[in-house]
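**Q** Have a look at the structure that comes next, please.
The values are calculated or read from the model by the stated rules, or taken from the named source; none is laboratory data. Every value quoted in this text rests on a predicted model; they were computed, and no experiment measured them. Heads up, the Cβs are rebuilt from the backbone with ideal geometry, glycines too, and the neighbour counts pull from every protein chain shown. Please note that ligands, DNA and RNA were not included when accessible areas were found on the heavy atoms of the full protein model with its side chains. Shrake-Rupley method; radii C 1.70, N 1.55, O 1.52, S 1.80 Å.
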Amino acid sequence: MGVIVAREDRVEGGHLLRFTIDNAAKLNSLNRALAEEIVAAAAPLAEDADLRLVILTGAGERAFVGGADIGELAALDQTSAREFITLVHRCCDVFRRLPVPVIARIDGYALGAGLELAAACDLRVASSRAVFGMPEVRVGIPSVVEAALLPQLIGYGRARRLLLTGVTIDAEEAQAWGLVDAVAAPDALDTMVERFAETLLAAGPQAIRLQKRLIRDWQELPAEAAIARGIDIFAEAYATDEPRRMAGARFAEMRARRKERG
């Protein structure tokens, strides 16, 4: 049990990182020890200036994260419940607040805390055998913390269906709802994830970091303040030569194409 962090220095301008939650014998379910290890391993990534992308997944083929450890849930009291769920929140929030995009690679179950963790990521790519749900009400507790992100992803109606009934949905329905961005056969899942990664890595590293920060601000600010924040971020982009360099290269490419067409 633990986390596996594999850094790959193979991308332009830095590296991507593969982060694997490994508790495969228990569907990668989160207990206190594993949750603390996840936070400890992920938090320092925010200071990695060369990091471009994180791909988050669960070990094995049965689950992304199957939820919180049911044995620990059954043993909580009112005081320890607050401590435990705060730790689950920290597991999700550490990825949501990373300055670079996080892709959730989902194979198998993404239930409860696992779906909350996926919702905290920027993009979600699932295998066709993935299963999604928020079954907490069926064991006597409400769905909380990053479950609050679900209405923004799928709307309040569908969020209510998941949260109030505890039903599960398959990958096809999850994609139709907008809960996941793409679905692939299990043997093609990694190829699909790589396609998304390539698209993200083709963008300007600085622009991507600024865009993720702005999207997070949009989630928390009223409309007028969110628009004003965008003006600040746009100006901040020109603190480096990235816009002039990349836009200049694109403009030169467009001129060359027009010239070829006569």
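**Q** Starting from the range 104-124, keep only residues that are on the phi > 0 side of the Ramachandran plot, then list their pairs with residues that are open to solvent by 10 Å² or more (accessible area, probe 1.4 Å) and in a strand (DSSP E or B) whose Cβ atoms are within a distance under 9 Å, requiring at least 6 positions of separation or different chains.
**A** Within 9 Å, the pairs are GLY108/VAL131; GLY112/ALA68.
**Q** Any idea which of PHE196, PHE251 is in a helix (DSSP H, G or I), within 27 Å of ASP181 (Cα to Cα) and of a type in the set (Phe, Trp, Tyr)?
**A** So the residue among PHE196, PHE251 that is in a helix (DSSP H, G or I), within 27 Å of ASP181 (Cα to Cα) and of a type in the set (Phe, Trp, Tyr) is PHE196.
**Q** Could you please give the count of residues in the range 174-188 that are under 19 Å from the mean Cα position of the chain (by Cα), assigned to a helix (DSSP H, G or I) and in contact (Cβ under 8 Å) with a residue 40 or more places away in the chain?
**A** Within the range 174-188, residues that are under 19 Å from the mean Cα position of the chain (by Cα), assigned to a helix (DSSP H, G or I) and in contact (Cβ under 8 Å) with a residue 40 or more places away in the chain number 2.
For every residue, the table says whether it meets (1) in contact with an Asp or Glu (Cβ under 6 Å, 6 or more places away or on another chain); (2) buried (at least 16 other Cβ atoms within 10 Å of the Cβ); (3) hydrophobic (A, V, I, L, M, F, W, C).
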| residue | (1), (2), (3) |
| --- | --- |
| LEU73 | no, yes, yes |
| ARG90 | no, yes, no |
| ARG124 | yes, yes, no |
| ARG138 | no, no, no |
| GLN152 | no, no, no |
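**Q** Working carefully through the options THR191, THR240, find the one that is farther than 30 Å from ILE106 by Cα and either of a type in the set (S, T, N, Q) or assigned to a strand (DSSP E or B) (or both).
**A** After applying the criteria, what remains is THR240.
**Q** If you don't mind, there's one more thing I want to ask. I'm checking my understanding of the structure. Among residues of the range 1-31 that are of a type in the set (Lys, Arg) and within 20 Å of PRO99 (Cα to Cα), which one is surrounded by the most Cβ atoms within 10 Å (Cβ to Cβ)?
**A** Restricting to residues being of a type in the set (Lys, Arg) and within 20 Å of PRO99 (Cα to Cα), the top hit is ARG18.
**Q** In the range 32-56, which residues are open to solvent by 20 Å² or more (accessible area, probe 1.4 Å) and out of contact with any Pro (no Cβ under 7 Å at 6 or more places or on another chain)?
**A** Those that are open to solvent by 20 Å² or more (accessible area, probe 1.4 Å) and out of contact with any Pro (no Cβ under 7 Å at 6 or more places or on another chain): ARG32, ALA33, GLU36, GLU37, ALA40, ALA41, ALA43, PRO44, GLU47, ASP48, ALA49, ASP50.
**Q** Another one. All but one of (1) at pLDDT 95 or above; (2) open to solvent by 80 Å² or more (accessible area, probe 1.4 Å) hold for ASP241, so report the exception by its number.
**A** (1) is the only condition that ASP241 fails.
Condition check ((1) open to solvent by 50 Å² or more (accessible area, probe 1.4 Å); (2) in contact with a Leu (Cβ under 6 Å, 6 or more places away or on another chain); (3) at pLDDT 95 or above; (4) of a type in the set (S, T, N, Q)) across all residues:
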| position | (1), (2), (3), (4) |
| --- | --- |
| ALA176 | yes, no, yes, no |
| ASP187 | yes, no, yes, no |
| THR199 | yes, no, yes, yes |
| ARG213 | yes, no, yes, no |
| ALA225 | no, no, yes, no |
| PHE234 | yes, no, no, no |
| ALA237 | no, yes, no, no |
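**Q** Taking the stated definitions as given, is ARG257 part of a helix (DSSP H, G or I), basic (Lys, Arg) and modelled with pLDDT under 95?
**A** Values: part of a helix (DSSP H, G or I): yes; basic (Lys, Arg): yes; modelled with pLDDT under 95: yes.
Answer is yes for this residue.
**Q** Within the range 92-106, work out how many residues are open to solvent by 20 Å² or more (accessible area, probe 1.4 Å) and either under 23 Å from ALA184 (Cβ atoms) or touching an Asp or Glu at 6+ places or on another chain (Cβ under 6 Å) (or both).
**A** Residues that pass the stated criteria total 1.
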